[in-house]
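The structure appears right after this line, and notes come after that.
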Amino acid sequence: MELHDGVRKACVAALGAALLTLTGCGPLTIRTWVTVVPDESAGTVTLNNGAPLAIQRLGGAFLAKVQIDTTELLSGPVQGTIELEDVRLAGFVGGGIGPLCAWGDPAGASAGTVTLDILGGGGSSANLVLDIRAFTGLSDAFGLPPTELEQEVTFSLGGGLSTETLLAALRSGSADGLFATTALFEGASEIAGFPVEFVLDLALTNGARPPVFDADLLEFCGPLFAEQGPQIFYGLNSQGSYLRAKGDDEPKAPLVIPLAELGAAPGDLLRIRTVGTYSDDTVLKDGSDRRTSAVFSSTPDVIGAGNRLRVPGAIDAGTNVTTATWLDCVLIFCRFVSSDIPHDFRVDPQVDVVVPPNAAYLIVAPLSPEHYWKDDTGFGFGVDVEVNPAS
């Protein structure tokens, strides 16, 4: 016990010293896709008390929004809230059941509380009511409605969240990998009056990108997922950029979205909207900045930060956004240096833009107000992308 208390006090001291270098603590949002690791996950469906049938090609993710108050970090486990803003799970079941989809009930909410113990000793966990719908190929064949599933679930948030990983996330601008864990979900309902039981034993990690499904599963489940909204969320690294950077800056890679992943092609209209905020300073709380820009490209390539045209395949689209110019000096020799390129456009708060000819990728990044990315922070920032919006 004395050893454990000593380790805990050392962690408190280390975190306290680190926080002294920051300009503030307060409300903090972490918005991330908690993603199923297919090779380490399994599931079964039992229909009418028969033998359990394995769920093949099981995959998907939950878009989780966690909110805490970081002023409480040094006083012990932090209590906060969790909300699943989007749920997308899919697989295939033999025995005539066919494709299986699960998604968030648009008439309900999956939400609850979290306990984050980054100093160790108590463990981090989430407790929430999971409110989802499920639908299968068998249901579709018989013209049956989706199955309603609602239950309380509790699961560990894993050992990835610690003093060291939180500070590393601050330095990297990304919360990816903080919530590596496992979760067991069990539910019971009916299909055509027959009892059905679902069991999901999931290995989970987290990251900025939404799940990707096999084409046949997406064709069947996609319209059901869209009941939660036609848009799809992508997280942005607050330190990411595709623009030329100042000499002492070290921007991270921007978000690169294959248009095929969106189901978009040249001539389609994309609606892109910023979600959340980031900060132009190193703080452990939500910021107030939303400035974002984007560029289409024929390739996914983004070259070194010392180059002006870092996106060799850049294609002009939208209304051009003008970016920073600065004076670069070596001893007494100075020159003006520009980061501006003629191809990109401003995103925030929302923009509608037509995919130009030959475009295959959309590259998106925060447009740091001071044109300096290395010290930016924010774990709840990203963009919603919608293809061919209705209005």
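Here is a yes/no grid of residues against (1) over 24 Å from ASP328 (Cα atoms); (2) in contact (Cβ under 8 Å) with a residue 60 or more places away in the chain; (3) not assigned by the TED database to the domain that holds PHE62:
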{"residue": "ASN206", "(1), (2), (3)": "yes, yes, no"}
{"residue": "ARG209", "(1), (2), (3)": "yes, yes, no"}
{"residue": "PRO223", "(1), (2), (3)": "yes, no, no"}
{"residue": "ASN237", "(1), (2), (3)": "yes, yes, yes"}
{"residue": "ALA253", "(1), (2), (3)": "no, no, yes"}
{"residue": "PRO266", "(1), (2), (3)": "yes, yes, yes"}
{"residue": "TYR278", "(1), (2), (3)": "yes, yes, yes"}
{"residue": "SER297", "(1), (2), (3)": "yes, yes, yes"}
{"residue": "ASP301", "(1), (2), (3)": "yes, no, yes"}
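Against the list (1) among the charged types (D, E, K, R); (2) buried (at least 17 other Cβ atoms within 10 Å of the Cβ); (3) under 19 Å from the mean Cα position of the chain (by Cα), the condition GLU261 fails is (2).
A quick yes/no check of all residues on (1) closer than 30 Å to LEU74 by Cβ; (2) surrounded by fewer than 21 Cβ atoms within 10 Å (Cβ to Cβ); (3) under 19 Å from the mean Cα position of the chain (by Cα):
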position	(1), (2), (3)
GLN228	no, yes, yes
LEU236	yes, no, yes
LEU243	no, no, no
PRO251	no, no, no
PRO254	no, no, yes
ARG271	no, yes, yes
THR277	yes, yes, yes
THR292	no, no, yes
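Within segment 163-176, does at least one residue satisfy the condition of being among the hydroxyl-bearing types (Ser, Thr, Tyr), in contact with a helix residue (DSSP H, G or I) (Cβ under 8 Å, 6 or more places away or on another chain) and more than 23 Å from ARG133 (Cβ to Cβ)? Yes - at least one qualifying residue is present in segment 163-176.
Go through segment 194-216 and report how many residues are in a strand (DSSP E or B) and buried (at least 20 other Cβ atoms within 10 Å of the Cβ). Going through segment 194-216 one residue at a time, the tally reaches 7. Of all residue pairs spaced 6 or more apart or on separate chains, none has beta-carbon atoms under 8 Å together with a first member in segment 142-171 that is not assigned by the TED database to the domain that holds GLY104 and a second member that is among the hydrophobic types (A, V, I, L, M, F, W, C). Residue-level check: of (1) more than 21 Å from GLU370 (Cα to Cα); (2) at pLDDT below 95; (3) charged (D, E, K, R), ASP248 misses just (1).
When you check THR292 against the structure, is it free of Cβ contacts under 8 Å to residues at least 24 places away in the same chain and in contact with a Ser or Thr (Cβ under 7 Å, 6 or more places away or on another chain), yes or no? In short, no. ALA215 meets the conditions (1) of a type outside the set (Ser, Thr, Tyr); (2) touching a residue at least 24 places away in the same chain (Cβ under 8 Å); (3) farther than 25 Å from GLY108 by Cα in every case but one. The failed one is (2).
Residues in segment 308-332 that are at pLDDT 95 or above and loosely packed, with under 15 Cβ neighbours inside 10 Å were compared, and the one that is farthest from PRO254 (Cα to Cα) is THR319. Inside segment 345-391, residues that are out of contact with any Leu (no Cβ under 8 Å at 6 or more places or on another chain) and over 17 Å from GLY276 (Cα atoms) make up a count of 11.
The values are calculated or read from the model by the stated rules, or taken from the named source; none is laboratory data. The structure presented is a predicted model; accordingly, all values stated were derived computationally and were not measured. Using ideal geometry, Cβ is built from the backbone for each residue, glycine included, and neighbour counts are taken over all protein chains shown.
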